[in-house]
Amino acid sequence: MEKSGIQAVDEAISNGIDLDGTRIPEKMLKLYNLIMDEENKRVRSGVKKSMRNRCVKTGSKHFDKETLDKLLVDAGWEGLKEKEIVFFYN
């Protein structure tokens, strides 16, 4: 099984099998699905804010804060907020 990218994670969750081949505990799957079902019901008003949030959350794993801040600004979004810096970089 391909083990990179969000698709690999989604497929593993769907199959109930972690990327290392072990079963994902049923209680974990139930909680995950409960929360994702609620999230899927949430009314949306646009996607740019969600895109930025995903860029910050995932980008903080791959870029230092100065680089991510510049990338956000260069793309047309506001730079990192203080609360994001505290949460993702401390």
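Structure summary
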{"read-out": "Single residue of the range 49-63 satisfying the filter (charged (D, E, K, R) and touching a residue at least 24 places away in the same chain (Cβ under 8 Å)) that is surrounded by the fewest Cβ atoms within 10 Å (Cβ to Cβ)", "value": "LYS57"}
{"read-out": "Contacts under 7 angstrom Cβ, first residue in the range 64-90 being surrounded by 11 or more Cβ atoms within 10 Å (Cβ to Cβ), partner of a type in the set (S, T, N, Q), 6 or more apart", "value": "LEU68/SER60; PHE88/SER60; TYR89/SER60"}
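No value in this document is a laboratory result; all are computed from the given coordinates. Fair warning: this is a prediction, and the values are worked out from it, not measured in the lab. All Cβ positions, glycine included, derive from the backbone under ideal geometry; neighbour counts span all protein chains shown.
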